[in-house]
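Have a look at the structure below before the remarks.
What follows draws every value from the coordinates through simple rules; no lab data is involved. Everything numeric in this text was worked out from a predicted model, so none of it was measured. A quick note on method: Cβ atoms are made from the backbone with ideal geometry, for glycine too, and the neighbour counts reach across all protein chains shown.
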Amino acid sequence: MTGHRLPAGGHIDRGRPVNFSFDGRSYSGFEGDTLASALIASGVMLLGRSFKYHRPRGILGAGVEEPNALVTANTGNRAEPNSRATDIFITEGLVATSQNRWPSLGFDMGAVTGLIAPFIPAGFYYKTFFGGPRLWLFFEHFIRRAAGLGPAPTRPDPDHYDHRAAFCDVLVVGSGPAGLAAADAACAAGQRVILTEQDRLLGGSLTVDTADISGQPALAWAEAVRARILANSGRVLTRTTATGYYDHDLLTLIERLGEPGQTPSPSTAQRLWRVRAGRVILAPGTIERPLLFTGNDRPGVMLSSAVRRYITRFAAVPGRRAVIAGCTDDMAQTARSLTNAGAKIAARIDTRRGDAILAAHGSPVAAVTARIAGQSRRITCDLVAMSGGFTPSVHLHSQAGGDLAWHDGCGAFVPAASRQSQTTTGSAAGLEGLNAILADGWAKGGGSTETAPRSTTAATGWHGSAPPITPAPKKAFIDFQNDVTAADLDLAWREGYRSVEHLKRYTTLGMATDQGKTSNIAGLLRLSENEARAPAAVGLTTFRPPYVPVTLGVLAGEDGGHHMAPRRRLALHAAHARHAPLWQPLGYWHRPRAYPRAGETLHSAALREARAVRTTLGLTDVSTLAKFDISGPDAAAFLEIVCATTIGKLAIGRGRYTFMLREDSMVADDGTVWRLAENRFLLTSSTGGADRMDAHLAYVRDILAPRLRVAIINVQEHWAAFAIAGPAARTTVETLTGAAAPRHMGAAPTNVAGVPGWLLAASYSGERAFELYFPANGIAPVWDAFETATLAQGGALYGLEALELLRIEKGHIVIGAEASGRTTPHDIGLSKMLRSGGFVGAPALGRPALQAPDRQMLVGLEAESPIPEGAMLVTAKGNAPQGYVTSAGSRVLGTGGIALALLERGMARADETLIASSPTRGLAVPVRVTAPVFHDAAGDRYRD
Amino acid sequence: MLLITCPHCGPRAQAEFTFERPVETIVAIDASTANLVEKLYTRTNPRGASVELWRHARGCRAWLRIERNTVTHVIAATSLWATDT
């Protein structure tokens, strides 16, 4: 309990205390505190347990790089797991809880896994999986309990998220001295600027180390820059992190309008910006690296710059007796801050002189063993401030395709050549010294050297002149969040994982939610030592967006829940709703699936509806079919390119079944085509393929056959349609239209209740049937007349489920089941209708493999009991599958299961008995191979 | 997301466009089987320069010929599709 608050100082508002709780205990901080700074000021050192070994962990850093201090912010459906305590500004009533511990943070049963750490080596998962399923099943039980971060909320998120698009001349990422200077210069040149800063305050490092710039205190200068950007129609977005850099200078920004766990007011919690920038100036700064020594993960061991940040920014001092160790000049500034804050410096260990920390002891840390001037010493302390060098944040530059170059001063990579319009400035570019950074930012923003902002404050460098000491102790942690030690990396290397990308996946180095922000370079250095190659030659793993973890809510934005997809309602929606049907989504459409009466199940309702069609009369809505009005002198020629069947010979007033192929000759879609006039056709095709067909028709017309004189109108939503089917269909239609109905596959204009439309004699159900097309806004009275007539004759409305039973019994294929995308016309019994050529897909029909006799082809199946859909067809249990059930149903009037299937050699195996096996459902049904038509094979029931 | 300059509509986000195919994979209706196999299945598909057919499907619906680098995504040229291209 050595952390404490200074009586004065810091960018916190002492007039506004903020109450919050952590693990059930109440604490108080101030407005402007992060959860981490408030806990440090309250003397809390232990914040969580590590992922794999459940080691006690405290706070390592002071920003988004934090690997250890992950908490769940708030509870219930606003809980935000895995939030970095260093990146949450506390709000009144915040409830934060530690994660990954049981039963309590102080005493954790899982910590015993630390004792069996030797049995969870690098590549544990790989090895266990390859060890056979039993071994994995044994371990899985324990691992699922022990490993893992905070649980996700199980109820819907009540908050709102939105998306905005923006563009600008210059996007500046980061508002440290470099970013501010760049934004200011661009602004002075009259350019529209968007400046983003992930902190609440502008200034970056200037919020930690005081300085004067252009004759003002640095933060006053920062505010003046803000005012100039705003006055110039620009935007300044604080609490906003640039998370991704995509093609053509598109960046995503996540703006926090509320803090994690806070009830946002107004109700938008976060906003996703998509910014298209003319050019991008990256000034994201650097991230300090840990040193490698045994126990470098213990609570109380912190990054040096983070210690200083807590003291000067938040007036929160993490300890009273500090050891400062590392290889950078920046340590001196931390030492000064600690001294000014009244803390004692127990030792300064400069690894550049050969001194080193060997181990840290205690939890929280109580002492270190160090080697100073060749002598091993034990030093008591309650804080270790370590500085293993500064890693430039090259993430966005790399995401944008930029190259990296090794920088000896940083001991890390810095941005090199850019691929897009990005340039990097400030410490992220490897620069040091405030004036050098200001000058470079100003120049990158477009300002001339003479006018650059300057500071009279003595600027110290921060670079180390040597990388961290090596070799590191085996038990030193490299990746804190995933518990990867130096020993793990060494083991992986000995096992042959030499590529940095393989090493990452095998050891999980850098794969935690912090994406290795503090561990990347240390891991790389270890590999390069093992490989005896220069770090630059070993290279880094790929940087991918997002830079920080992003909530799924903000990615979804307003497009969640019922806004996720549009719901398209039938023109006759209200007419169906009167009968309270079960609705079925079909693409964006919602169609009646069945109209169950009291006590009926889906299946019994569908069977009743289908029986009505077979015995008397049924009425169903078919409005969702794709429909195209195709006209012009070359309309027939055009359709003969699109369709694989004959079109040109069709007489006026006649229609026929047709189908279309993909270029690889697989059946793409099917429907009907009707010649309404000499040069005008109506083409229908499947509901699900409507948009695809629309695009395909345009491709054929504009690209493949641009000289044809043809016009295409998508009339899918212009025409609403229904089908009336059954033995009483003809008399009913003739009564209601007052005219003789056309014979099968005939089309005629019609008029019902004063509404003009088309009457098409087509049967999908296998009974005498007609489809009636009327304008969507006029069909309701027509439907009402037909519904009344149907019900009066003992008929029924029927939905998709009955339609399915009827078409399976009749052996009609559907797109997606029998036309699976892997079946040719030959495979599914359509080859008799094929023309010889001249249509899309014709060239590929000649491929030899498509004529192979052992291809899977359409057959029917029958059985005593229901046949499981999707089941594989085998000759005996354990044999290789020879086909599968594409659609299964039952006889509408008879009994027993029937199905359509694709089977090797198809109808050559008629009468053979097979097993329809579905191991996932524990079903194995004996089936007999039959012709794929179970009802009225000759078509006597509807032909004239 | 690419920024595509439609000759009719100016610079627009990729979301407004649909990619149809590389121009060299357009298969003529009367192509031979061998020609189709070469275009669809055995083409070289090199890294780098690619001449492609796109459509401003959620815009003016024009067909576009776009020269795009498949490695860098740099668009070297965008023009209206000409029938004789």
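So if I check each of B:SER50, B:SER32, which one is at the interface with chain A (Cβ under 9 Å from one of its Cβ atoms), closer than 30 Å to A:LEU850 by Cβ and either free of Cβ contacts under 8 Å to residues at least 12 places away in the same chain or within 15 Å of the chain's Cα centre (by Cα) (or both)?
B:SER32
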> Can you name every residue in region A:506-539 that is surrounded by 19 or more Cβ atoms within 10 Å (Cβ to Cβ), in contact with a strand residue (DSSP E or B) (Cβ under 6 Å, 6 or more places away or on another chain) and aliphatic (A, V, I, L, M)?
Replying inline: A:LEU509, A:ILE521, A:ALA522
> Does any residue of region A:619-638 turn out to be within 14 Å of chain B (Cβ to nearest Cβ) and part of a helix (DSSP H, G or I)?
Replying inline: yes
>> For the structure I just gave you, tell me whether A:ALA635 is more than 30 Å from A:GLN851 (Cα to Cα) and free of Cβ contacts under 8 Å to residues at least 24 places away in the same chain.
In response: no
> Taking the stated definitions as given, is A:ARG279 of a type outside the set (S, T, N, Q), within 14 Å of chain B (Cβ to nearest Cβ) and either in contact with a Phe, Trp or Tyr (Cβ under 7 Å, 6 or more places away or on another chain) or surrounded by fewer than 23 Cβ atoms within 10 Å (Cβ to Cβ) (or both)?
Replying inline: yes
>> With the requirement that a residue be closer than 19 Å to A:LEU760 by Cα and within 14 Å of chain B (Cβ to nearest Cβ), what does region A:683-718 give you?
In response: A:ASN714
> Which of the residues that make up region A:196-236 are crowded, with 17+ Cβ neighbours inside 10 Å, outside any strand (DSSP E or B) and in contact with a strand residue (DSSP E or B) (Cβ under 6 Å, 6 or more places away or on another chain)?
Replying inline: A:GLN198, A:TRP221, A:ARG226, A:ILE229, A:GLY234
> Out of the residues in region A:421-438 that are under 18 Å from A:GLY389 (Cβ atoms) and either in a helix (DSSP H, G or I) or aromatic (Phe, Trp, Tyr) (or both), which is nearest to the chain's Cα centre (by Cα)?
Replying inline: A:ALA428
>> So for region A:665-678 (the condition being within 14 Å of chain B (Cβ to nearest Cβ), among the hydroxyl-bearing types (Ser, Thr, Tyr), in contact with a helix residue (DSSP H, G or I) (Cβ under 7 Å, 6 or more places away or on another chain) and within 28 Å of B:VAL37 (Cα to Cα)), does at least one residue qualify?
In response: yes
> Counting just the residues of region B:1-29 that are assigned to a helix (DSSP H, G or I), within 10 Å of another protein chain (Cβ to nearest Cβ) and under 29 Å from A:PRO848 (Cβ atoms), which one comes out farthest from the chain's Cα centre (by Cα)?
Replying inline: B:THR25
> Inside region A:422-457, can you point out the residues that are in contact with a His (Cβ under 6 Å, 6 or more places away or on another chain) and at positive phi?
Replying inline: A:GLY430
>> So, in region A:798-853, how many residues would count as being among the aromatic types (Phe, Trp, Tyr) and within 14 Å of another protein chain (Cβ to nearest Cβ)?
In response: 1
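Taking region B:54-81 as the region of interest, how many residues are part of a strand (DSSP E or B), buried (at least 16 other Cβ atoms within 10 Å of the Cβ) and touching a Lys or Arg at 6+ places or on another chain (Cβ under 6 Å)?
Looking only at region B:54-81, we keep the residues that are part of a strand (DSSP E or B), and these are B:54-55, B:63-69, B:75-80.
Keeping just the survivors that are buried (at least 16 other Cβ atoms within 10 Å of the Cβ) gives B:54-55, B:63-66, B:68, B:75, B:78.
Okay, now just the ones that are also touching a Lys or Arg at 6+ places or on another chain (Cβ under 6 Å), so B:63, B:75.
The total comes to 2.
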>> Could you list, ordered by first residue, the pairs with Cβ atoms under 6 Å in which the first is in region A:874-886 and more than 16 Å from A:GLY860 (Cβ to Cβ) and the second is among the acidic types (Asp, Glu) and surrounded by fewer than 18 Cβ atoms within 10 Å (Cβ to Cβ), at least 6 apart or interchain?
In response: none
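Can you pull out every residue in region A:275-291 that is in a strand (DSSP E or B) and closer than 15 Å to A:THR423 by Cα? Quick ask: steps written out before the conclusion?
At the first step, the residues of region A:275-291 found to be in a strand (DSSP E or B) are A:275-282, A:286-288.
Those that are in a strand (DSSP E or B) and closer than 15 Å to A:THR423 by Cα: A:ALA277, A:GLY278, A:ARG279, A:VAL280, A:ILE281, A:LEU282.
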> strands (runs of 3 or more DSSP E) wholly in region A:661-763 with at least 2 residues that are without any contact (Cβ under 8 Å) to a residue 40 or more places away in the chain and crowded, with 17+ Cβ neighbours inside 10 Å - which ones?
Replying inline: A:747-752, A:755-760
> Of the residues A:ILE40, A:ILE59, which is on the phi < 0 side of the Ramachandran plot, of a type in the set (A, V, I, L, M, F, W, C) and out of contact with any Asp or Glu (no Cβ under 9 Å at 6 or more places or on another chain)?
Replying inline: A:ILE40
> In region A:33-61, how many are within 18 Å of A:ARG16 (Cα to Cα) and part of a loop (DSSP other than H, G, I, E, B)?
Replying inline: 2
>> Being out of contact with any strand residue (DSSP E or B) (no Cβ under 8 Å at 6 or more places or on another chain) and under 21 Å from A:TRP583 (Cβ atoms) is the filter here; which residues of region A:771-790 pass it?
In response: A:ALA780, A:ASP784
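Can you name the strands (runs of 3 or more DSSP E) wholly within region A:310-400 that have at least 2 residues being of a type outside the set (A, V, I, L, M) and under 18 Å from A:ALA62 (Cβ atoms)? Reasoning before the result, please.
Numbers: elements: A:321-326, A:344-350, A:356-361, A:367-372, A:375-380, A:383-387, A:390-392.
Output list reads A:390-392.
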> Restricted to region A:1-47, and to residues that are touching a strand residue (DSSP E or B) at 6+ places or on another chain (Cβ under 6 Å) and acidic (Asp, Glu), which residue is nearest to A:THR91 (Cα to Cα)?
Replying inline: A:GLU31
